[in-house]
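Q: Before I ask anything, let me first share the structure, which is written out below as structure tokens.
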Amino acid sequence: MTMKLSKGKTPLYHQLEKILRKQILRGQLASGKLFPTDHQLCEEFGVSRITVRQALKSLEDDGLIKREQGRGTFVNEQPGNRSFYEMSGSLEKIMGMRETYKIELTSKLKIQADRDIAAELGVEAGAEIWILEGRQELKEDLEQAQFLQVFASHEIGERIPLGEMEGRGFFIFLEKAAMETAVQFNQVLYATGADEKTSKIIHVPVGSPLLVNRNIFLSKKGRVLGVVVRYSPGDVHRIIHKMKMQKARL
């Protein structure tokens, strides 16, 4: 399915370069793996071969990819991809520690999934999905507000209403809409700056540091129930990890 780039002030090759760069740095295009061919990129994004070559030239100049004659294009190993760790544990324990949130969904729109969100939801790029947005607060401390974004498939998102609700996390309402229980979630944490929309919703200055908490919830069958993204002010959110060795090493 073709994913159209927008024709505007930003050149098409720059838009394409930005998308591919993000996929490389996030590990969606893995190091050492064969990169999509020029023809595949032309078909997927609906652009000319010249546009693709301009985008790839920029990525190659920055050392993100390498082009080998007769073999194809490959993703170079990225320093940022070497330093990562994985944690696992009981979902019940994590959910049991959660406090009650007051949630207010204020907008709900149908959009076409871009390549990144399509990969997270397990749908094709360009498929029709729902994006819901609003505000989430701790019931015991309404000053700790978060900007909330939820991405869901057409089927699940259609069943989620706007308005106020309470629960130990938005995954509960995804479960109700999907009529399935979440048994796993994958979490990514990263930093960003507040844009105008986020600034208005959680009352922070534009450009303020935010912690982004991105969760993908899956059912027992491996079905993605939804992607829940929370944006929290950097000065009111902290995460503490405590770990213990199960066996003596020496």
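Q: Among (1) at pLDDT 90 or above; (2) in contact with a Gly (Cβ under 8 Å, 6 or more places away or on another chain), there is one condition Glu155 misses while meeting the rest; what is its number?
A: It is condition (2) that Glu155 fails.
Q: Is there a residue in segment 204-224 that is touching a strand residue (DSSP E or B) at 6+ places or on another chain (Cβ under 8 Å) and either within 17 Å of Glu104 (Cα to Cα) or in a helix (DSSP H, G or I) (or both)?
A: The answer is no; no qualifying residue exists.
Q: Scan segment 170-189 and report the pairs whose first residue is at positive phi and whose second residue is surrounded by 21 or more Cβ atoms within 10 Å (Cβ to Cβ) and at pLDDT 90 or above, with Cβ atoms within less than 8 Å and a gap of 6+ or a chain change.
A: Pairs found: none.
Q: If you don't mind, another one. Please count how many residues of segment 190-203 are in contact (Cβ under 8 Å) with a residue 40 or more places away in the chain and assigned to a loop (DSSP other than H, G, I, E, B).
A: Total satisfying the criteria: 1.
Q: Report, by residue number, each residue of segment 151-184 that is of a type in the set (A, V, I, L, M), under 17 Å from Leu109 (Cα atoms) and part of a strand (DSSP E or B).
A: Ala152
The values are calculated or read from the model by the stated rules, or taken from the named source; none is laboratory data. All of these numbers come straight from a predicted model, not from anything done at the bench. Every residue, glycine as well, gets a Cβ built from its backbone with ideal geometry; the counts of neighbours run over all protein chains shown.
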